[in-house]
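Chemist: Quick one: structure below, then a few questions.
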Amino acid sequence: MRAGASQVLVLRGEAGVGKTALLNYLTSRLPPGWRLARAAGVESELELPFSGLHQLCWPMLDHLDRLPGPQRDALATAFGMHVGPPPDRFVVGLAVLSLLADVAEEQPLMCVIDDAQWFDPISAQTLGFVARRQLADPVGLVFAIRGEHADSELTRQPTMDVRGLGDADAHALLGSVLTGDIDHRVRETIVAETRGNPLALLELPRGLSAAELSFGFGLADAVPLETHLEQGFSQRLSALPGSTRLFLLAAALEPVGDLRLLRRAIERLGVDTAAATPAVRAGLIELSARVRFRHPLVRSAVARGAEASDLRAVHLALAEETDPELDPDRRAWHRAHAASGPDEEIALELERSAERAQARGGLAAQAAFLERAIELTYDPARRPARILAAARARHQSGSSEAALALLADLETAPLDGPTRAAVEVLRAQIAFFSSRGRDAPPLLLSAARRMEAFDEAAARDIYLDALAAGLMIGRLAEDVGPADVARAARAAPPSTERPADLLLDGLASLMTDGYAAGVRPLRRALNAWRADEVPVADALRWLWLATHAAHDVWDDESWEVFCTRHLRLARQAGALAVLPIALSSRMGLHFLAGEFAAAAALVNEVSTVDEIMGSQLPAYGAVALAAWQGQPEVLFGLAQSCSAEAAARGEGMGITIVDYSSAVLHNGLGQYQEALRAAERGAGYPAELGFATWSLVECVEAAARTGQPARAADALDRLMRTTTASGTDWALGIEARCRAQVSPRHVAEGYYAEAVERLSRTRMRVEHARAELLYGEWLRRENRRREARSHLRSAYSLLTDMGAEAFAERARRELVATGETLRRRTVEARESFTAQEAQIARLAAEGRTNPEIGAELFLSPRTVEWHLHKVFAKLGIDSRRELAGSLLNA
């Protein structure tokens, strides 16, 4: 921190072990000039989105206007400062990162967060993201968290375990609170059972009489430490006057700590503010600018020990004193807990709160409001819609099991047709995003058929979702595969000219009528999708499928248009659920274009998104990168686990990606038998299209090089059913390259020349380079060494510049075999860059500013500058002006 870099520390330990005391020690010894921001988690606020984040950031919101517009708007909407489109936690996380960095520009900043385990999920995820992305800013983040919360967002941060006192110190502390002599064996028992926990040593004797302490009878009941502490607090609470306990209950149920609101509420209950005095004297609560309990267990002891009638009365008083304009959601929450039975007015208010929670990105809170509304619903006709909405929110927030539990209540309910269809769609979506993903196509088909009677356009959208699910599941489909979905879609109501309808028709035709018949309608659909008139919601939902269709018909131009647009929209919207597949589509084009540095940057970005989402996606991009870069150790280390994860997720296409990547690697290494086995596995499920089709290309090369012409010819015949019908330069160039490898010598050369010429006109530079390599190898085997050198030099130069090391080594060996002396080429500066440095250098060379780069890569501007200085040092330059030229020469 003193050197200007950020630091993160997590204090982990059981309740009462001294984490808060350490935080207080830290804040009391901050150097002059430091700014302090504090927050503490409150268990009752777990369902209110952004409440913890707001508590930490609100003193810094005078810097809000200095953030980039999208970040400023996202944070303001999240904090309820204005109404806007739902902000994604990705954008909010970047906004908080920028806010802290901006504050730290003026003075070093220390953020202290106590009881982080009680932060609402979105706040916890956001701060976990910020902690992982802090690097070069003078910002300290210190968290205190209960030891049992091992699955926290902070598990990968530097952690210090806070343990109990040693025996000598524990005995000394215990002696400070004992009022008389007790048996030394009882002392030993107390120290041992509290494990030196300071709060337990201080509180335990207060709950026992002198006789119980003297002889140890009060220790007979073995209970967990946290329960024991809470029981101790409960006993101390029972000795307080009733009015004081009511004051404490109001304070416990008003988690913001607003002292003015609390005073108004207790006055409404007929309690004087002086009622707090005994609790303050007892050290249970502090009253200053805000209300603060001595320990979270005091708050929980107060709430759990209260009578139901008192709970309702206090919630009602808090509701009446909460401003309905400034804080309508907490008011609705209090009213809901004050209700003693069904109340439609409150249920409607909770529904409005749920809508606001959704608009602020708080899906878990939306579900919580709706679930309470369900409990208060008297009219059975209103229940299904509320249950369905709550289940949808639970699923979208990542709680699919909770969503299924809610849907179970609708199994025997009398539902109308649209609602029943909507329930089926949600079940299918849950199935698709869980380990039972292969159940999605039949469930979606059933829902689409049911929806046809009520909304034909919605039904066709569901058919398209089913087709997308079928393609993703691919070889792992059980009862219903992509072709089954396609046949059902062909029998659906007639389509309109919507791009989504055209895409459904084109894909269905390709799968049912055959490739040649389906190319034309699918191209018509792609032309519609290339227009900018596609609604953003549709683009986010199906552009990945349009991208898939583009490379299925060998249309590299549309592929680039679609994946570039999809990635831009996903980033702009902060659509984390969509962003990984948009990144994957874009990196696939980078691989075939030979742009491995750009692909590696996107692989790194997928990992970043994975961190933000707290998920673990199969490493498809890393597998493909290792294949094209010729790194067998990396690929072999990832392939088995990646295939297993794909199988567990129900993603047959993922297994095909691994097989195809393995075939590419083995062909690059000249291990043709292994390549043939992997390629035939990858090509074994042609209904998946895409990677299954490209596996045929690898199969032709591997079979031809192992002297198995029949297997090569069979793969070529299957490949030509797509390439000939497509007719693009990419398709016909690949076809010519494959035909050359199985043709007699008197016609092979013409095919090689055609392949080189056609592929040079496409974006697929790696395929062009491989055509040059194969042509040069063939010429060398024909003993035409001088002609071979020209093509082999071109291949070697292209492949080395790309970083396709295995294929480049093949070209080098062939050149040496022609008699040419050659050293292995390396690009030292490029090889010394990390993936993130390479990405930042590329964006800076394109003219992006540090804030613009930071917004795209989830970094603060200062961290971008820190990386750029490392890039400058590696390139031996001093400024951004020299960057573009240096990268070109690297």
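The values are calculated or read from the model by the stated rules, or taken from the named source; none is laboratory data. What you see is a predicted model; the values in this text were computed from it and never measured. Cβ: placed from backbone, ideal geometry, glycine included. Neighbour counts: every protein chain shown. To get the accessible areas, we keep the full protein, side chains included, count just its heavy atoms, and leave off ligands, DNA and RNA. Shrake-Rupley method; radii C 1.70, N 1.55, O 1.52, S 1.80 Å.
Chemist: Confirm whether Thr377 is closer than 30 Å to Ser495 by Cα and either of a type outside the set (Gly, Ala, Ser) or surrounded by fewer than 20 Cβ atoms within 10 Å (Cβ to Cβ) (or both).
Modeler: no
Chemist: Right, something else. Could you check how many residues of the range 539-563 are open to solvent by 10 Å² or more (accessible area, probe 1.4 Å) and either modelled with pLDDT under 90 or touching a strand residue (DSSP E or B) at 6+ places or on another chain (Cβ under 7 Å) (or both)?
Modeler: Summing the residues that are open to solvent by 10 Å² or more (accessible area, probe 1.4 Å) and either modelled with pLDDT under 90 or touching a strand residue (DSSP E or B) at 6+ places or on another chain (Cβ under 7 Å) (or both) in the range 539-563 gives 2.
Chemist: Among the numbered conditions (1) closer than 24 Å to Ala357 by Cα; (2) surrounded by fewer than 21 Cβ atoms within 10 Å (Cβ to Cβ); (3) free of Cβ contacts under 8 Å to residues at least 60 places away in the same chain; (4) not acidic (Asp, Glu), tell me where Pro70 comes up short.
Modeler: In the conditions (1) closer than 24 Å to Ala357 by Cα; (2) surrounded by fewer than 21 Cβ atoms within 10 Å (Cβ to Cβ); (3) free of Cβ contacts under 8 Å to residues at least 60 places away in the same chain; (4) not acidic (Asp, Glu), Pro70 misses (3) alone.
Chemist: Follow-up. Here are Glu674, Glu698: which of them is among the acidic types (Asp, Glu), surrounded by 24 or more Cβ atoms within 10 Å (Cβ to Cβ) and part of a helix (DSSP H, G or I)?
Modeler: Glu698
Chemist: If the Cβ limit is 7 Å and pairs must be 6+ apart or interchain, which residue in the range 323-348 that is open to solvent by less than 20 Å² (accessible area, probe 1.4 Å) pairs with which residue that is acidic (Asp, Glu)?
Modeler: Note: pairs meeting the criteria are Ala332/Glu349.
Chemist: Being open to solvent by 50 Å² or more (accessible area, probe 1.4 Å), within 19 Å of Arg810 (Cα to Cα), assigned to a helix (DSSP H, G or I) and polar (S, T, N, Q): is that true of Gln640 here?
Modeler: Here the answer is no, as Gln640 does not meet what is asked.
Chemist: Also: Quick one: how many residues across the range 768-781 are surrounded by 24 or more Cβ atoms within 10 Å (Cβ to Cβ) and in contact with a helix residue (DSSP H, G or I) (Cβ under 6 Å, 6 or more places away or on another chain)?
Modeler: Selection size over the range 768-781: 7.
Chemist: Just one of Leu583, Leu625 is open to solvent by 10 Å² or more (accessible area, probe 1.4 Å) and part of a helix (DSSP H, G or I); which is it?
Modeler: Answer to the check: Leu625.
Chemist: Moving on. Here is a list of conditions, (1) of a type outside the set (Val, Ile, Thr); (2) in a helix (DSSP H, G or I); (3) closer than 30 Å to Asp556 by Cα, and Gln429 meets all of them except one; can you say which number that is?
Modeler: The failed condition is (3).
Chemist: Could you figure out which of (1) of a type in the set (Val, Ile, Thr); (2) over 30 Å from Gly147 (Cα atoms); (3) open to solvent by 10 Å² or more (accessible area, probe 1.4 Å) isn't true of Thr77?
Modeler: (3)
Chemist: Here's something else I'd like to know. Taking Ala508 as the residue in question, decide whether it is under 25 Å from Asp455 (Cβ atoms) and modelled with pLDDT under 85. Working first, answer last.
Modeler: Details: under 25 Å from Asp455 (Cβ atoms): yes; modelled with pLDDT under 85: no.
Criteria not met by Ala508.
Chemist: For Leu97, indicate whether it is within 17 Å of Gly140 (Cβ to Cβ), part of a helix (DSSP H, G or I), of a type in the set (A, V, I, L, M, F, W, C) and open to solvent by 30 Å² or more (accessible area, probe 1.4 Å). I'd like the intermediate steps shown before the answer.
Modeler: Values: within 17 Å of Gly140 (Cβ to Cβ): yes; part of a helix (DSSP H, G or I): yes; of a type in the set (A, V, I, L, M, F, W, C): yes; open to solvent by 30 Å² or more (accessible area, probe 1.4 Å): no.
When the stated conditions are applied, Leu97 does not pass them.
Chemist: Moving on to the next point. Name the residues in the range 44-58 that are open to solvent by 60 Å² or more (accessible area, probe 1.4 Å) and either modelled with pLDDT of 75 or more or β-branched (Val, Ile, Thr) (or both), would you?
Modeler: Once the filter is applied, which keeps residues that are open to solvent by 60 Å² or more (accessible area, probe 1.4 Å) and either modelled with pLDDT of 75 or more or β-branched (Val, Ile, Thr) (or both), the range 44-58 yields His54, Trp58.
Chemist: I'm trying to understand the selection: among the residues of the range 725-756, which are in contact (Cβ under 8 Å) with a residue 40 or more places away in the chain and hydroxyl-bearing (Ser, Thr, Tyr)?
Modeler: Ser726, Thr728
Chemist: Which of the residues that make up the range 469-499 are open to solvent by less than 20 Å² (accessible area, probe 1.4 Å) and part of a helix (DSSP H, G or I)?
Modeler: Ala469, Gly470, Leu471, Ile473, Gly474, Pro482, Val485, Ala486, Ala488, Ala489
Chemist: Would you mind telling me which numbered condition in (1) open to solvent by 10 Å² or more (accessible area, probe 1.4 Å); (2) not aliphatic (A, V, I, L, M); (3) not in a loop (DSSP other than H, G, I, E, B) Gly684 fails?
Modeler: (3)
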